[in-house]
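Beneath this line is the structure, given in structure tokens, with notes to follow.
What follows draws every value from the coordinates through simple rules; no lab data is involved. Note that the structure is a prediction, hence the values are computed from the model and not measured. Note that each Cβ is placed from the backbone with ideal geometry, even for glycine, and that neighbours are counted across all protein chains shown.
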């Protein structure tokens with residue numbers, strides 16, 4: 001090697017150029033395979049006379065959807081049906097995530113409890129829920145639990161609420177003229193509450209004096225809103241649910257499909273989150289607790305100010321995966337008639353229009369973006385919570 | 001989600017099939033592999049239903065068996081793929097199955113935009129409603145405010161919406177992915193009404209714990225001509241499936257049954273029957289089939305009347321009257337072009 005007189009300086013021997021060549025080769029292979037698959041797909045679709053495109057989005061769908069949070073009638077378009085399904089998927093995912101987090105934290109803490117019974121019960125919960133298939137749990141809630149409720153005619157009644165196998169019925173508030181005052185009052189009360197919290201924090205940093213800001217701001221919101229209600233003379237009327245020939249008419253209803261999916265998703269994911277929370281808390285060195293105690297902090301403050309913030313660093317990354325799982329698992333709702341994306345778009349729309357590639361592609365796109373959005377948010381939160389070294 | 005995985009795979013299969021020669025010559029493919037792959041339902045008694053031994057039976061099953069008898073002279077050379085309503089078209093488009101015989105309604109959109117061809121109608125049906133007897137409902141017009149259960153991905157969903165809209169009735173739709181789960185939602189009391197084709201209602205009612213506690217309302221709210229479907233563009237294959245059905249109808253009209261076909265073939269002097277049974281000329285050649293193709297269908301599967309009686313007739317749990325499905329000579333609309 002050493003006595004080589006004439007170094008070979010040709011471009012081909014340059015590491016950078018070589019890397020570039022290989023990259024280009026790889027890229028062209030990828031492009032070629034992609035192009036082949038795409039044209040082949042086009043050819044096959046043409047050969048079989050299958051029409052393609054998203055033109056069907058503007059055509060009337062003509063099928064009903066059980067749960068729609070935006071206006072939707074049987075004569076709405078496929079595009080509208082898609083929007084309805086999209087909202088249903090978002091709603092169940094976000095509510096599920098919120099509820100699963102609460103359940104997870106409570107059960108996770110319960111497993112660490114010094115109370116023998118509480119800790120054992122939490123263990124039983126976790127081991128049962130996370131070891132049974134989610135679809136089975138959905139069927140259980142839908143067909144075994146909720147279907148065992150009484151028929152509409154024999155509903156359980158609590159005040160103006162009705163509970164039966166068709167759902168949970170509650171009075172539907174109808175806002176009268178003058179309700180604007182209440183809305184303004186509510187917004188003002190929130191502004192005041194935020195100002196109070198900011199002030200209390202500033203004062204504490206400056207003087208060390210503590211003020212019960214959270215409780216008093218809650219009281220502020222309730223008091224101001226109630227005052228506004230009194231001033232405007234309670235401008236709300238309620239449409240009460242009533243028994244009719246087949247069903248309950250009037251009121252608002254939470255259908256059993258929605259309730260079953262929400263319970264199944266949140267209790268199942270909650271069991272996983274409980275373990276993550278437990279692991280996070282156990283990962284914080286016991287010395288931290290001892291140090292906090294020797295500074296004279298109460299147990300609740302020790303948890304809130306010392307242990308949890310450190311535990312969060314361990315908790316957030318696996319928690320993100322659980323949130324993603326929950327959002328994707330919401331598609332199982334299709335099996336028990338919850339009209340989410342898979343049910344409405346990949347089910348009914350696909351079948352009525354026959355546009356398999358378009359509808360499935362669209363669903364993949366939506367789940368992809370939903371997951372990426374959750375991921376991005378959690379990564380931001382993770383960064384915010386991470387150890388800031390001084 | 002098995003069904004969705006299946007759909008993705010089928011879609012991937014469409015994408016991956018090499019385009020040359022994919023559309024043509026199903027007959028050659030079928031002959032080469034030695035059996036017909038037939039797409040059926042996941043269990044509709046009388047139409048396609050597997051017994052405890054895994055033996056399939058039903059009107060739709062017999063459509064596939066008749067085609068197998070015509071090609072191989074053996075009605076058992078069929079393999080069945082149970083499909084949900086929403087999987088069925090993709091399975092046929094992608095070539096996973098050769099015939100789709102899954103009580104599928106012939107509609108304009110399906111015939112023209114899915115790359116499929118409907119062959120012929122093997123059962124004339126119409127959509128109806130089933131309710132509990134104790135509700136005291138006598139007509140579908142009384143269903144204002146009712147909760148209605150149905151299976152997803154069928155014409156039923158659209159007809160139901162049209163019916164309630166047309167009659168200005170309100171209703172709560174509960175659309176379940178599979179027929180069996182829609183039925184259990186109905187039987188658990190989630191819904192007041194279960195809706196599907198009337199034959200399906202009769203079949204599903206026979207599955208309920210107390211069939212006599214449920215009534216099928218008199219209204220028929222739609223036309224549902226059900227029949228086998230094949231891929232668009234393979235005319236020979238379409239002809240075979242179509243004429244396998246026509247032969248059965250013609251046989252019933254001529255009084256030829258699986259019991260007497262042997263005798264008639266040797267004794268008849270009627271040239272039309274001779275042509276049909278292959279005793280004279282070679283009617284099979286144009287279809288690429290043996291001369292005995294029609295004889296094999298009748299001997300192995302039976303004529304249309306036998307198929308009907310065996311699967312959904314009054315002696316079966318499904319218990320349907322012939323109605324529209326009687327021969328045209330007997331007040332129905334079953335009519336087949338002549339074999340000549």
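Things to note:
- Paramagnetic label reach from residue B:309 (point 7 Å along Cα→Cβ; backbone nitrogen cut-off under 12 Å): within region B:260-290, residues B:260.
- Gaussian network model of chain A, Cα within-10 Å springs - most flexible of A:165, A:328, A:202: A:202
- When chain A is treated as a Gaussian network with alpha carbon springs shorter than 10 Å, the biggest mean-square fluctuation among A:257, A:157, A:340 belongs to A:157.
- Computed over the alpha carbons of region A:236-318, Rg followed by Dmax gives 22.5, 68 Å.
- Bridge orientation summary for chain B: considering DSSP beta bridges with both residues in this region, about 55 percent are antiparallel.
- Pairs of C-alpha atoms in region B:127-222 farther apart than 16 Å represent 47 percent of all such pairs.
- Each of residue A:279 and residue A:214 was given a label point 7 Å from its Cα along the Cα-to-Cβ line. The distance between the two points is 2.7 nm.
- Counting only Cα atoms, the protein assembly as shown measures 117, 102, 52 Å along its principal axes, largest extent leading.
- Stretchable slack from residue B:280 to residue B:76, in nm (0.36 nm times residue separation minus alpha-carbon distance): 70.8 nm
- Modelled FRET efficiency - R0 56 Å, residue A:145 with residue A:20, Cβ distances, 0.05 increments: 0.35
- Rounded if a/c under 1.5, otherwise prolate or oblate - chain A, Cα gyration tensor axes: oblate
- Going from the residue with the fewest nearby Cβ atoms within 10 Å to the one with the most, B:38, B:64 rank B:38, B:64.
- Nearest-0.05 FRET efficiency for residue A:43 and residue B:35, computed from C-beta distance (R0 25 Å): 0.30
- In chain B, the C-alpha radius of gyration followed by the widest Cα-Cα span (Dmax) gives 20.7, 64 angstrom.
- Nearest-0.05 FRET efficiency for residue A:372 and residue A:177, computed from C-beta distance (R0 35 Å): 0.20
- Only Cα sites of region A:1-120 enter the Debye sum here, all with the same form factor; the resulting log10 I(q)/I(0) across q = 0.14, 0.16, 0.17 1/Å is -0.89, -0.96, -0.99, listed in q order.
- Annotation for region B:282-323 versus region A:68-116: alpha-carbon center distance of 52 Å.
- Region A:165-209 shape via C-alpha gyration tensor axes, a/c threshold 1.5: oblate
- For region B:127-222, the share of DSSP beta bridges that are antiparallel, to the nearest 5, is 50%.
- Chain lengthening between residue A:153 and residue A:191 when straightened (0.36 nm per residue, less Cα-Cα): 9.1 nm
- Separation of alpha-carbon centers, region B:227-265 and region A:290-310, rounded to whole Å: 84
- Each stretch of four or more DSSP H residues adds -39500 (n - 2.57); spread over every residue of the protein assembly as shown, this sum gives -16000 deg cm²/dmol at 222 nm.
- Overall form of region B:45-118 per C-alpha gyration tensor (a/c, 1.5; a/b vs b/c): prolate
- Each Cα pair of region A:269-313 feeds into the Kirkwood radius, which the Stokes-Einstein equation turns, at 37 °C and 0.692 mPa s, into a diffusion coefficient of 301 µm²/s.
- Within a Gaussian network of chain A (alpha carbon springs, distance under 10 Å), most fluctuating of A:193, A:85, A:98: A:193
- Relative to the 2.2 N^0.38 Å rule of thumb, region B:234-340 has a C-alpha radius of gyration ratio of 1.09.
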